[in-house]
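Below is one structure, written out as structure tokens, with a few remarks after it.
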Amino acid sequence: MGIKQHNGNTKADRLAKLKIRSPSIQLIKYGAIGLNAIIFSPLLIAADLGSQNGTNITINDGDRITGDTADPSGNLYGVMTPAGNTPGNINLGNDVTVNVNDASGYAKGIIIQGKNSSLTANRLTVDVVGQTSAIGINLIGDYTHADLGTGSTIKSNDDGIIIGHSSTLTATQFTIENSNGIGLTINDYGTSVDLGSGSKIKTDGSTGVYIGGLNGNNANGAARFTATDLTIDVQGYSAMGITYRKTLLSISEQTVPLKPMAIMRTASGALAR
């Protein structure tokens, strides 16, 4: 809401120059407009929040989370659920931002640790910078499910996302931008990532996607990575587009840099570039 006021001699002069920018403010005319004719409907104002920790966390649309609390290891985090068998249910709504800047340690954006936890968000932005290392999102808990909706972005000066323990991640038009670390790491049997259509992974100095479905319970099946119209942009002499082992890989209309070994399979298999 923006109301621009001007100095004037009369109320009528001030009203003539009143500018209302918010659609949530309505002017109702009863013969002549007066100040008492302006009706203010409730506005949802974004809040600035500190680190969030718990098993049930709901954040309002547009809120901003800044990591200001350290975990037991002394590292700042944005959102964290406790470890153990208690599921965490994290709802970050729409257009929420999570910023963590740890000038001396390991910056952690979102850490989901409880078994059978859930994380939901849409147009989420996570931006983490750590002095020693950093992780945008880490899905540690067994059988965790994360739905990041459409248009979410993860930025990190180390690893982007790590997911394992037979967990699942879904998103579309998703962006990962990171340096030094791996963009997307998929670990363990049964872990599944579906990046929908039009997602982009950009890394500088390391692999875009690493899939190592070697650990855990093989009864859960191979790790899976699925995407359509995926763009992977990797920079650095030894950087790989995709490195994978014992996994089911499904990518259509993918774009990777035209450089030797942009896509590499590290176990037996035919996919190489």
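What follows draws every value from the coordinates through simple rules; no lab data is involved. Computed from a predicted model, the values in this text were never measured in an experiment. All Cβ positions, glycine included, derive from the backbone under ideal geometry; neighbour counts span all protein chains shown.
A few comments on the model shown:
- Cβ-based exposure ranking for I162, I110, in which fewest neighbours within 10 Å come first: I162, I110
- Rounded to the nearest 20 debye, dipole of the range 48-265 from Cβ charges on Lys, Arg, Asp, Glu: 640 debye
- Convex hull of Cα atoms in the range 44-164, direction-averaged projection (nm²): 6.5 nm²
- Look at R64, R123 and count the other Cβ atoms within 10 Å of each Cβ; fewest to most, that gives R64, R123.
- Least to most buried among T185, T132 (fewest other Cβ within 10 Å first): T132, T185
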